[in-house]
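*Asks:* There's a structure below that I have some questions on.
The values are calculated or read from the model by the stated rules, or taken from the named source; none is laboratory data. The model shown is predicted, which means the values in this text are computed figures rather than measured ones. Please note: Cβ atoms are built from the backbone with ideal geometry, for glycine as well, and neighbour counts cover all protein chains shown. With ligands, DNA and RNA removed, areas are computed over all heavy atoms of the protein, side chains included. Shrake-Rupley method; radii C 1.70, N 1.55, O 1.52, S 1.80 Å.
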Amino acid sequence: MRNLVKVRKSVMLFVKIMTVAAVTVGFIQFWITNYAESLFSNRGNYVVIFSYVLLFSVFSSLYGAFKIGVYRIHEIIYSFSLATVFTNAIMYLELSLIAREMVDIKPMLFGIAYQIAVVALCSLCANTIYFKLYPPRKVVAVFGDDIAGFELIQKMSKISERFNIVRGYNANTTELATIKKQIDKYEAVLICGIDKNLQKQIVSYCYANEKRTYLLPDITDIIISNSYNIQISDTPVLMSRNRGLMLEQRIIKRFMDIVVSAIALIIASPIMLICAIAIKLDDGGPVFFKQNRITINGKIFNVLKFRSMIVDADKDGAKKAENDDDRITRVGKIIRACRMDELPQLINILKGDMSLVGPRPERIENVYEYSKKYPEFELRHRVKGGLTGFAQLYGKYNTSPEDKLHMDLIYIETYSLLLDLKLLILTFKVLFMRESTEGFNQKANENVRVSSSLKKESEKK
């Protein structure tokens, strides 16, 4: 079995190497054909090729292009395409430096189009090979709450190429002995929201019998998973600092916020001007939209956005944006689709209200609603709210508040400057992914209305 796993991994590694090689060969072809003035007469050409392979591999890794079998095929192609575009953009500057003049960009654009076609073909082949080598795992689900369990099972069932949820058991109504017998029949176990003592027994049993486990974490699991292992005499101890960002981290983060937001405002100013004119011409209403949001230590500030909805869209009370929401204007649909409505928040970042990367600052009504159900939700306010963040990149607009909380805590607990840089680069990936802007359903807005009315009643008292 172990040898089979090694063979599978070796095959997939070879497939990835061949994909990088195919893209690199494409670059070499149009480089030699169209940019003779950028060629060296000696071994300098090998340095150029090496830098191309390195850049393409780094960008592909950052955007998750090598996660074949994990991401859906269109995401793999999209990730490889982004890696191709960014790599060739940098290589265009490198070739221009070698030639000591700005070389013709047209061959580079044709080359990029050709390479994207190559990576699309390679991705399809790699995806086919992966699922031939790795058929979907047969999984048994063990959950504590029927609704939460079924929701997670439904999400995993959508990825039928990877997961085959065969059976599901409620741990509150099924004996442990029965669960263990079922675990023996399948390759993996999904554990969701069960009693901690029972979870310990099931995980230990899976570990002893070499069964793969998928565990839905809670707050404690996230904090412990990022703790430090220290030794007190002959006893191992896990230590969690629980302090949020350290002073030097906050200083470096603020410095990066100022520099990057200032440069980004200068670069984005023509786009922002076009957006402002389009919004004004569309319905004559105000260009900007201000809204109270909550950030670090519960501080309230006015977030600044381009207005994408009709004037007084919330006159009947706070309401989350739904799919095909009739309050969204014609211009709003365009700027929301590619996140241009968020650009004015660069001003918030420059002022110090927000950071480039961090938990998304929520409106007061949402924080009130979510904190009622999840008291730990306010733990997100240990750092400044961000323009982009873990939950925005790996979740959706309508991702549940509990999942957002978990992702934001993972960011806080694993923070580093490199992580911020990685998330900033990854932001380009989600700009044009439609599912990342998927709206809420009507039930979510009913919950907000109930929460808002309860808040008003409590304020009167």
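*Asks:* Before rounding to the nearest 500, sum -39500 (n - 2.57) across all DSSP H runs of length at least 4 in the chain and divide by the residue total; then give [θ] at 222 nm in deg cm²/dmol. All intermediate terms of the calculation are to be shown ahead of the outcome.
*Replies:* Details: 16 runs with 262 residues, N = 461.
Calculated at 222 nm, the ellipticity per residue is -19000 deg cm²/dmol.
*Asks:* Tabulate in residue order the Karplus-calculated ³J(HN,Hα) for region 243-254, using 6.51 cos²θ - 1.76 cosθ + 1.60 with θ = phi - 60°, rounded to whole Hz; enter x for Gly and Pro.
*Replies:* Working through the residues one at a time gives 10, x, 6, 7, 4, 5, 5, 5, 5, 5, 4, 5 Hz.
*Asks:* Now for a different question. Could the peptides 81-88, 296-303 be put in order, highest first, of the mean number of other beta-carbon atoms found within 10 Å of their residues? Intermediate results must be reported in sequence, preceding the final value.
*Replies:* On the way: 81-88: 21.8, 296-303: 15.0.
Descending packing order for the listed peptides: 81-88, 296-303.
*Asks:* Cα-Cα over 20 Å: which of LYS6/LYS181; LYS155/LYS196; LYS305/LYS351; LYS138/LYS158; LYS351/LYS384?
*Replies:* Numbers: LYS6/LYS181 29 Å; LYS155/LYS196 23 Å; LYS305/LYS351 15 Å; LYS138/LYS158 14 Å; LYS351/LYS384 12 Å.
Flagged as over cut-off: LYS6/LYS181; LYS155/LYS196.
*Asks:* Which residues' amide hydrogens lie under 5 Å from the amide hydrogen of MET309, considering only partners 5 or more residues apart or on another chain, with H built in the peptide plane?
*Replies:* THR329
*Asks:* For the chain, what does the relative contact order come out to in percent, with C-alpha contacts under 8 Å and a separation of six or more?
*Replies:* On the way: 573 pairs, mean separation 52.3, N = 461.
Relative CO of the chain lands at 11 percent.
*Asks:* Name the residues whose placed amide hydrogens come within less than 5 Å of the amide hydrogen of LEU190, ignoring near sequence neighbours (fewer than 5 apart) on the same chain.
*Replies:* For LEU190, the qualifying residues are VAL140, ALA141, VAL142, TYR214.
*Asks:* What is the sum of charges around TRP31, taking Lys and Arg as +1, Asp and Glu as -1, for the other residues whose C-beta is under 15 Å from the C-beta of TRP31? Show your work: numbers first, answer last.
*Replies:* Numbers: positive: LYS106; negative: GLU37, GLU94, ASP104.
Here the charged neighbours net out to -2.
*Asks:* How charged is the neighbourhood of LEU133? Take every other residue with its Cβ under 11 Å from the Cβ of LEU133, and add Lys/Arg as +1 and Asp/Glu as -1.
*Replies:* Working: positive: ARG8, LYS9, LYS132; negative: none.
Here the count lands on +3.
*Asks:* R0 = 22 Å: FRET efficiency of ILE224 with SER416, Cβ-based, nearest 0.05?
*Replies:* Details: r = 19 Å, r/R0 = 0.86.
Efficiency, rounded to the nearest 0.05: 0.70.
*Asks:* In sequence order, what are the phi-derived ³J(HN,Hα) couplings for region 204-212 according to the Karplus relation 6.51 cos²θ - 1.76 cosθ + 1.60 with θ = phi - 60°, rounded to whole Hz, with x for glycine and proline?
*Replies:* Here the 3J(HN,Hα) series is 4, 5, 5, 5, 5, 9, 6, 9, 5 Hz.
*Asks:* Okay, next question. Counting only protein heavy atoms, what percent of the accessible surface of the chain is carbon or sulfur at a 1.4 Å probe? Working shown, then result.
*Replies:* On the way: 15670 of 25770 Å².
In the chain, the share of accessible area belonging to carbon and sulfur is 61 percent.
*Asks:* With Cα extents along the principal axes in Å as the read-out, I listed (1) 62, 61, 45; (2) 86, 57, 41; (3) 74, 67, 51; which label goes with the value calculated from this structure?
*Replies:* Given (1) 62, 61, 45; (2) 86, 57, 41; (3) 74, 67, 51, the structure-derived one carries the label (3).
*Asks:* Also, quick follow-up: Nothing charged except the Cβ atoms of Lys and Arg (+1) and of Asp and Glu (-1): what's the magnitude of the dipole of the chain about its Cα centre? Round to the nearest 20 debye.
*Replies:* For this selection, approximately 520 debye.
*Asks:* Continuing with the same structure: Could you report region 317-422's accessible area per residue, 1.4 Å probe, as an integer in Å²?
*Replies:* Details: 4340 Å² over 106 residues.
Each residue of region 317-422 exposes 41 Å² on average to a 1.4 Å probe.
*Asks:* Restricted to Cα positions, what overall size does region 175-249 have along the principal axes? Three whole-Å values, descending.
*Replies:* Here the spans come out as 51, 29, 20 Å, largest first.
*Asks:* ILE232 to CYS338: FRET efficiency via 1/(1 + (r/R0)^6), r the Cβ-Cβ distance, R0 51 Å, to the nearest 0.05?
*Replies:* Working: r = 53 Å, r/R0 = 1.04.
The pair ILE232/CYS338 has a calculated efficiency of 0.45.
*Asks:* How far apart, in nm, are two points set 7 Å out from the Cα along the Cα-to-Cβ line at ILE32 and at ARG241?
*Replies:* Here the modelled spin labels are 5.2 nm apart.
*Asks:* Once Rh is set to the Kirkwood radius over Cα pairs, what Stokes-Einstein translational diffusion coefficient, in µm²/s, holds for region 216-361 at a temperature of 37 °C and a viscosity of 0.692 mPa s? Working shown, then result.
*Replies:* Working: Rh = 18.4 Å.
After rounding, the answer is 178 µm²/s.
*Asks:* Quick one: net charge of LYS16's neighbours, Cβ under 15 Å, K/R +1, D/E -1? Please report the intermediate quantities before stating the final value.
*Replies:* Working: positive: ARG8, LYS9, LYS67; negative: none.
Around LYS16, the surrounding residues sum to +3.
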